[in-house]
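Peer 1: Take a look at the following structure, please.
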Amino acid sequence: RPPEDEEEEAEVGWQEKLFSQFEVDLYLNESACQTPLDWQYREEIQKLEKAGGRKNCRIFTYTDHDRFTNLEELCQKVTDLDHEVPSYLVERMANVRRRRQDRRPVEASSLKTKIITWEPSEEFIKNNHVINTPVQTMYIMGDLGPYGKLGHREYENVLCTIKVDGNGVITVKPDFTGTKGAYRIELDGEKREVWEYTIENSSAQVQPEEEEREQRVFRDLYGRHRDYLSGLVGSDFEMPLPGTLRLFMNGEIVSAQGYEYDNLYVHFFLELPNQWSSSPFQQLSGVTQTCATKTVGWDNVAYFCYPFTVDMFYTQEDEDSLPQWPVLYFEVLSLDFWQRYRVEGYGSLVLPASPGVHMLTIPTWRPVELGTVAEMRRFFIGGSPELEDLTYIRIPSTFKGKHLSRFGFRTETTGSVTFRLYCLQQSKAFLENSALRQRMQSVLDRLGGFSQQSSVYNVLEAFQRARRRMQEARESLPQDLINTSASTV
């Protein structure tokens with residue numbers, strides 16, 4: 001057949017109805033018209049026939065109110081399997097149509113008589129099961145039947161789907177052709193016909209004056225929204241005093257893994273060293289919920305996802321003193337069906353000194369007793385050796401000596417706890433220039449690399465202790481021996 005007879009171009013507007021040959025034959029039959037929409041289509045088709053027939057041949061449309069739109073959404077697949085079996089939820093959700101409904105305003109004086117519907121109907125469930133944005137749909141179709149045999153449903157193919165939701169978002173699938181090649185449709189038949197089609201946006205371009213006016217409206221809208229947000233946030237931020245660092249942390253106890261018993265929970269508290277403070281209403285301790293474990297790989301993991309927030313202030317008093325960072329102490333416990341609890345592990349975490357997001361996994365340990373009696377007691381009646389003071393995990397807060405001996409204290413390694421910490425720092429020193437910061441030797445210059453400099457601080461302290469011992473030993477020696485050794489050198 002001549003190719004020019006099979007080439008067709010149609011310009012389609014939003015929700016514009018173009019009838020197919022099948023619909024023309026259907027609606028001209030008076031007995032097939034049942035709904036008011038059918039009678040309306042019959043009148044439009046009769047007017048077209050009187051005016052010389054329809055202009056389109058193979059390209060036609062289905063609007064949002066046509067039967068095809070309901071059937072197409074009902075028959076859509078969730079996956080790309082050939083033998084897909086729809087689930088119960090898919091079958092129920094297929095009946096929910098996202099339509100733009102005319103909601104009448106409810107007067108404030110009229111109260112709801114039925115707050116709870118004890119026996120909801122099927123229609124009530126369909127209308128209230130899903131809260132979503134209403135969408136209007138339109139299908140641009142193609143009748144790809146054999147030459148001279150149009151009007152058969154089996155040859156109808158969807159060329160383009162256009163959806164517009166209540167927010168004004170337009171979705172075109174497939175997209176406009178543009179620089180890409182034409183879309184292809186291969187028909188299954190004896191001749192294996194191949195059809196190609198393109199989709200172009202033929203809407204009128206916006207005039208420069210209208211585009212500029214639209215941009216002015218957008219700028220005005222964004223400016224008012226920015227002023228509204230500024231009014232909510234305010235301009236007077238609470239700044240710390242000079243020489244003070246504010247540390248704000250949003251923390252999360254993510255998970256605990258590798259422990260012996262199930263149903264775990266974590267008890268934690270934060271210790272503030274000297275020169276650190278917090279508000280009186282700040283809660284520095286907490287307990288997570290009891291969480292059952294699940295098997296992930298080789299470990300039993302309990303996912304807590306327990307959030308906590310801490311707001312602290314550091315005030316510099318002595319420039320020569322080395323700053324100490326807050327420490328988070330925690331213990332992991334288990335609780336069984338008989339309300340027997342067991343200590344699963346102790347651990348500590350020095351809060352990160354650098355701002356940002358930190359993902360930390362802290363190993364834990366627990367004290368043990370020698371012999372099988374303690375383990376049998378732990379298994380049958382619960383309970384186990386516990387620390388009276390949780391700060392004994394690191395250096396006890398009551399310890400004032402120089403040497404801390406843990407000789408004879410038996411422990412064993414248990415699991416680990418994962419933390420996710422979001423740290424923010426605020427100080428007026430951030431506003432100073434670099435030269436003034438170097439001259440002032442502010443606390444931030446020394447705290448910024450705390451995690452990297454902790455080992456250096458330990459070496460410097462050890463060196464200072466050794467130097468003091470050498471000076472004390474030198475002062476205790478006789479004066480003539482010091483002079484003699486100095487002259488010899």
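The values are calculated or read from the model by the stated rules, or taken from the named source; none is laboratory data. From a predicted model like this one, the values you see are computed outputs, not experimental measurements. Methodologically, a virtual Cβ is constructed for each residue, glycine included, from the backbone with ideal geometry; neighbour enumeration extends over all protein chains shown. For accessibility, only protein heavy atoms count, side chains too; no ligands or nucleic acids. Shrake-Rupley method; radii C 1.70, N 1.55, O 1.52, S 1.80 Å.
Peer 1: Being within 17 Å of TYR261 (Cα to Cα) and either in contact (Cβ under 8 Å) with a residue 60 or more places away in the chain or within 35 Å of the chain's Cα centre (by Cα) (or both) narrows it down to one residue among THR413, THR418; which is it?
Peer 2: THR413
Peer 1: Name, by its number, the condition in (1) of a type in the set (Phe, Trp, Tyr); (2) in a strand (DSSP E or B); (3) over 22 Å from TRP365 (Cβ atoms) that does not hold for TYR306.
Peer 2: (3)
Peer 1: Looking at ARG192, is it loosely packed, with under 14 Cβ neighbours inside 10 Å, touching a strand residue (DSSP E or B) at 6+ places or on another chain (Cβ under 7 Å) and either in contact (Cβ under 8 Å) with a residue 24 or more places away in the chain or not in a strand (DSSP E or B) (or both)?
Peer 2: So ARG192 passes the test.
Peer 1: Identify all residues within the stretch 349-370 that are over 22 Å from ASP262 (Cα atoms), in a strand (DSSP E or B) and open to solvent by less than 70 Å² (accessible area, probe 1.4 Å); write none if there are none.
Peer 2: LEU349, VAL350, GLY356, HIS358, LEU360
Peer 1: While we're here: Report those strands (runs of 3 or more DSSP E) wholly inside the stretch 208-299 carrying at least 1 residues which are closer than 28 Å to PRO352 by Cα, open to solvent by less than 50 Å² (accessible area, probe 1.4 Å) and in contact with a His (Cβ under 9 Å, 6 or more places away or on another chain).
Peer 2: Of the strands (runs of 3 or more DSSP E) lying wholly inside the stretch 208-299, those with at least 1 residues that are closer than 28 Å to PRO352 by Cα, open to solvent by less than 50 Å² (accessible area, probe 1.4 Å) and in contact with a His (Cβ under 9 Å, 6 or more places away or on another chain) span 285-287.
Peer 1: Something else about it: Would you point out the residue of the stretch 55-69, among those that are under 27 Å from PRO146 (Cα atoms) and open to solvent by 50 Å² or more (accessible area, probe 1.4 Å), that is modelled with the lowest pLDDT?
Peer 2: So, considering only residues that are under 27 Å from PRO146 (Cα atoms) and open to solvent by 50 Å² or more (accessible area, probe 1.4 Å), the one modelled with the lowest pLDDT is ARG67.
Peer 1: Given the structure, is GLY223 in the same structural domain as THR418 (by the TED database) and modelled with pLDDT of 90 or more?
Peer 2: No, not satisfied.
Peer 1: Go through (1) of a type in the set (A, V, I, L, M); (2) touching a strand residue (DSSP E or B) at 6+ places or on another chain (Cβ under 6 Å); (3) closer than 29 Å to GLU461 by Cβ and name the single condition VAL417 misses.
Peer 2: (3)
Peer 1: Turning to a different aspect of this structure: Only one of (1) without any contact (Cβ under 8 Å) to a residue 12 or more places away in the chain; (2) open to solvent by 70 Å² or more (accessible area, probe 1.4 Å); (3) closer than 23 Å to TRP276 by Cβ is not met by VAL373, so which one is it?
Peer 2: All conditions pass for VAL373, except number (3).
Peer 1: Can you pull out the residues in the stretch 150-189 that are open to solvent by 50 Å² or more (accessible area, probe 1.4 Å), of a type in the set (S, T, N, Q) and more than 20 Å from TYR62 (Cα to Cα)?
Peer 2: Within the stretch 150-189, ASN167, THR179 qualify.
Peer 1: Here's a follow-up. From the list LEU81, LEU89, exactly one residue is part of a helix (DSSP H, G or I) and either at pLDDT 70 or above or open to solvent by 100 Å² or more (accessible area, probe 1.4 Å) (or both). Which is it?
Peer 2: LEU89
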